[in-house]
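For reference, the structure is listed below as structure tokens.
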Amino acid sequence: MIQGFQTIGLLLASNIFMTLAWYAHLKLAEYPWFQKWPIFAVIVFSWGIAFFEYCLQVPANRLGFVGTGGPFSLMQLKVLQEVLTLVVFIAFSMIAFHMHLRWNHVAAAAFLILAVYFVFGFE
């Protein structure tokens, strides 16, 4: 059970870095100093952040995968990662971009929760 929580924690942290790698440059583009960066520099910047995502995501999958002694099947790991990605992205977009949670976002989250139920409930 502890391995499962450790896996989820690592996946959550990796998704925070992934979201920053993918979208932080859009927020930073509001600053004049960052607007001057060429696209190659922005890519390298994002890769630098993504490095930490991989440093957390790879061990999370190894720790959590049933084939390496963990509690989750490959499908379960993927669905967990997708749900955590959505949760982190919603929080990031609300904090960094002041976006509002709308009914369709809640509906999408509900369907992801159903996906988790189907993946975990029948394996």
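The values are calculated or read from the model by the stated rules, or taken from the named source; none is laboratory data. Note that the structure is predicted; figures quoted are calculated from it, not measured. Don't worry about glycine lacking a Cβ; one is built from the backbone with ideal geometry, like all the others, and counts go over all protein chains shown. Accessible surface areas use protein heavy atoms only, side chains included; no ligands, DNA or RNA. Shrake-Rupley method; radii C 1.70, N 1.55, O 1.52, S 1.80 Å.
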* Note down all Cβ pairs under 9 Å where the first residue falls in the stretch 35-52 and is over 18 Å from PHE17 (Cα atoms), the second is in a helix (DSSP H, G or I) and open to solvent by less than 100 Å² (accessible area, probe 1.4 Å), and they're at least six residues apart or on different chains. => GLN35/LEU28; TRP37/HIS25; TRP37/LEU28; TRP37/PHE45
* Among the listed residues LEU74, LEU56, LEU63, LEU112, which satisfies the condition of being touching a helix residue (DSSP H, G or I) at 6+ places or on another chain (Cβ under 9 Å), at pLDDT below 95 and open to solvent by less than 70 Å² (accessible area, probe 1.4 Å)? -> LEU112
* May I ask you to list the residues in the stretch 88-103 that are open to solvent by 60 Å² or more (accessible area, probe 1.4 Å) and without any contact (Cβ under 8 Å) to a residue 12 or more places away in the chain? => MET94, ILE95, HIS98, MET99, HIS100, LEU101, ARG102, TRP103
* **Sole exception among (1) open to solvent by 30 Å² or more (accessible area, probe 1.4 Å); (2) in contact with a Leu (Cβ under 8 Å, 6 or more places away or on another chain) for TRP22, by number** => (2)
